[in-house]
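The values are calculated or read from the model by the stated rules, or taken from the named source; none is laboratory data. If you're wondering where the values come from, they're calculated on a predicted model, not measured in any experiment. Every residue, glycine among them, receives a Cβ derived from its backbone with ideal geometry; neighbour counts consider all protein chains shown. Protein only, heavy atoms only, side chains kept; ligands, DNA and RNA dropped before computing areas. Shrake-Rupley method; radii C 1.70, N 1.55, O 1.52, S 1.80 Å.
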Amino acid sequence: MNHIISKLLIYGDMPKDSILMEFGSIFKDLQSGETNRDELVTRIYQQVKRILVVATDYGFDKNLWHNYLTFLLITNENPFSITCEKTGASDGSVNCFAKSDFKAFQDLFHYDFTEIEEKLSIDCFSILSNYRAIGKKELMYNKNVSEKVQALSIKLEQASDEEEFFQSVTEFYRAYGVGMFGLNKAFRIAGTDGTKVEFQPINNMDKVMLNDLIGYEIQKKKLVDNTKAFVEGRKANNVLLFGDSGTGKSTSIKAIVNEFYGQGLRMIEIYKHQFKDLSNVIAQIKNRNYKFIIYMDDLSFEEFEVEYKFLKAVIEGGVETRPDNILIYATSNRRHLIKENWNDRNDIEHDNGMHRSDTMEEKLSLVNRFGVTINYAKPSQKEYFHIVIGLARKAGITMSDEELCAEANKWELSHGGISGRTAQQYINYVLGSEIS
């Protein structure tokens with residue numbers, strides 16, 4: 001196996017501790033005869049365990065070795081794969097190197113582990129190649145990723161030569177992209193070294209669609225129109241959704257991502273304490289062939305907080321203009337985002353003579369950086385009943401409209417008042433009881 005791996009050029013820059021590279025090292029030591037059997041078996045089992053972890057995380061099944069190799073191919077971000085993501089496979093000398101690599105991967109796909117298993121008296125590779133996974137709930141893994149990997153895996157194992165292999169892989173890059181951005185729709189960010197952040201996929205994002213949000217038709221249309229323009233490459237604005245709690249602001253944004261995922265829309269959720277990393281986030285995604293919504297939930301600032309300055313700097317662009325493939329969508333219960341108190345209305349700061357109005361103007365101007373502001377107001381009682389009935393019918397509840405409204409009215413009086421969230425909580429209660 002090591003002699004096959006050593007042929008990789010474009011895909012050969014994998015970390016030495018990656019599963020494939022570790023297998024190459026193990027089999028090299030096996031051929032040399034300088035390492036004892038027990039140590040080799042232990043090292044093999046360690047890598048098999050790592051494959052099982054990947055398979056569990058992504059719900060792989062049947063041939064886990066092929067699934068792993070496929071996963072490796074579609075998550076390897078290199079100049080060739082990223083170019084294919086943007087433009088598809090084009091004529092050029094690089095294709096010769098790519099096809100050489102794909103010939104090596106094809107050899108790995110059809111690698112015969114029989115001799116190794118017989119020499120070491122193990123059968124783990126045979127088990128990996130004919131694996132029966134335990135059924136898992138969808139929330140435990142990313143079904144969307146799992147299905148894509150397994151479908152491509154089957155195409156690659158059936159490829160007759162490297163030309164067909166090349167065609168299948170590059171078509172996948174063009175259709176879905178490469179790396180985690182190609183496979184997932186939403187992300188959070190984690191640790192940073194000051195220049196680079198790590199994107200972590202959100203595997204269990206709510207699958208809600210816009211039709212699931214009853215009412216707020218004008219608000220949803222504004223959001224759809226802006227997002228549609230964005231994914232189609234036309235001019236679009238940053239969006240602020242503000243209004244009462246529980247009215248569906250966050251749900252609308254999640255639904256928008258679900259609606260436009262197939263057109264290349266991705267979402268990155270970022271929290272207030274991470275605003276200092278915004279410029280690094282943008283630097284890492286600005287040249288990718290996706291449209292990104294940077295999502296900020298429940299955005300508001302106390303008077304002593306200065307994180308809003310990072311946000312303003314990013315929105316305004318500074319020296320570098322904001323990339324065309326990035327927008328900011330935020331939700332807030334406050335119309336002006338930054339808390340203002342009565343002391344702020346006194347223009348002079350007595351300690352240093354500064355004008356408070358200048359500082360407040362800087363803070364309050366943040367909202368003006370959002371070209372589209374959408375108000376999600378608390379529903380009237382009539383609208384509340386409309387939401388309850390709509391949700392009930394979608395859920396298959398057969399209670400009469402009159403009974404639903406009467407019981408929903410009682411429910412909201414003792415559960416936080418009228419809102420879309422209260423309506424959904426009431427429906428959940430009905431579904432969980434025996435009265436539906």
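Structure data summary
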quantity	calculated
Residue in region 46-61 that is charged (D, E, K, R) and loosely packed, with under 14 Cβ neighbours inside 10 Å present	yes
Hey, Leu311 over 30 Å from Glu412 (Cα atoms), modelled with pLDDT under 85, of a type outside the set (Gly, Ala, Ser) and buried (at least 20 other Cβ atoms within 10 Å of the Cβ) or not	yes
Filter result for Ala104 (touching a Lys or Arg at 6+ places or on another chain (Cβ under 6 Å) and modelled with pLDDT of 90 or more)	yes
Condition check for Val208: under 30 Å from Leu152 (Cα atoms) and either outside any loop (DSSP other than H, G, I, E, B) or of a type in the set (Val, Ile, Thr) (or both)	yes
For Ile326: the one exception among (1) modelled with pLDDT of 90 or more; (2) within 30 Å of Cys405 (Cα to Cα)	(2)
Residue count for region 61-72, restricted to those that are more than 19 Å from the chain's Cα centre (by Cα) and either within 13 Å of Val169 (Cα to Cα) or outside any helix (DSSP H, G or I) (or both)	5
Top-ranked residue of region 213-226 - restricted to ones that are open to solvent by less than 70 Å² (accessible area, probe 1.4 Å) and not hydrophobic (A, V, I, L, M, F, W, C), ranked as farthest from Ile387 (Cα to Cα)	Asn226
Output for region 389-421, where each listed residue is among the β-branched types (Val, Ile, Thr), surrounded by 13 or more Cβ atoms within 10 Å (Cβ to Cβ) and farther than 25 Å from Gly243 by Cβ	Ile397
Selection count where residues are under 20 Å from the mean Cα position of the chain (by Cα), closer than 22 Å to Ile82 by Cβ and in a helix (DSSP H, G or I), scope region 143-177	9
Count of residues meeting criterion [open to solvent by less than 50 Å² (accessible area, probe 1.4 Å) and either closer than 19 Å to Glu171 by Cβ or of a type in the set (D, E, K, R) (or both)] in region 108-126	2
Scan of region 135-164 for residues that are at pLDDT 70 or above and more than 17 Å from Phe71 (Cβ to Cβ), ordered by number	Gln158, Ser160, Asp161, Glu162, Glu163, Glu164
Residues that are hydrophobic (A, V, I, L, M, F, W, C), over 12 Å from Glu157 (Cβ atoms) and open to solvent by less than 10 Å² (accessible area, probe 1.4 Å), drawn from region 63-81	Leu64, Leu73, Ile74
Among (1) open to solvent by 20 Å² or more (accessible area, probe 1.4 Å); (2) modelled with pLDDT under 90; (3) out of contact with any strand residue (DSSP E or B) (no Cβ under 9 Å at 6 or more places or on another chain); (4) not basic (Lys, Arg), the one test that Leu210 misses	(1)
Odd one out for Ser129 among (1) open to solvent by less than 10 Å² (accessible area, probe 1.4 Å); (2) touching a strand residue (DSSP E or B) at 6+ places or on another chain (Cβ under 9 Å)	(1)
One residue from Thr56, Thr35 being farther than 20 Å from Asp161 by Cα, modelled with pLDDT under 95, assigned to a helix (DSSP H, G or I) and of a type in the set (Ser, Thr, Tyr)	Thr56
Selected residue [surrounded by fewer than 18 Cβ atoms within 10 Å (Cβ to Cβ), in contact with a Ser or Thr (Cβ under 9 Å, 6 or more places away or on another chain), modelled with pLDDT under 85 and over 22 Å from Phe242 (Cα atoms)] from Ser357, Ser436	Ser436
Given (1) touching a strand residue (DSSP E or B) at 6+ places or on another chain (Cβ under 8 Å); (2) within 30 Å of Gly390 (Cβ to Cβ); (3) hydrophobic (A, V, I, L, M, F, W, C), number of the condition Ile189 does not satisfy	(2)
Filter result for Ala89 (surrounded by 15 or more Cβ atoms within 10 Å (Cβ to Cβ), in a loop (DSSP other than H, G, I, E, B) and either touching a Leu at 6+ places or on another chain (Cβ under 8 Å) or not aromatic (Phe, Trp, Tyr) (or both))	yes
Contacts under 7 angstrom Cβ, first residue in region 95-121 being touching a residue at least 60 places away in the same chain (Cβ under 8 Å), partner among the basic types (Lys, Arg), 6 or more apart	Ser100/Lys7; Ala104/Lys7; Leu120/Arg37
Subset of region 230-258 (residues that are under 23 Å from Asn203 (Cα atoms) and among the basic types (Lys, Arg))	Lys249, Lys254
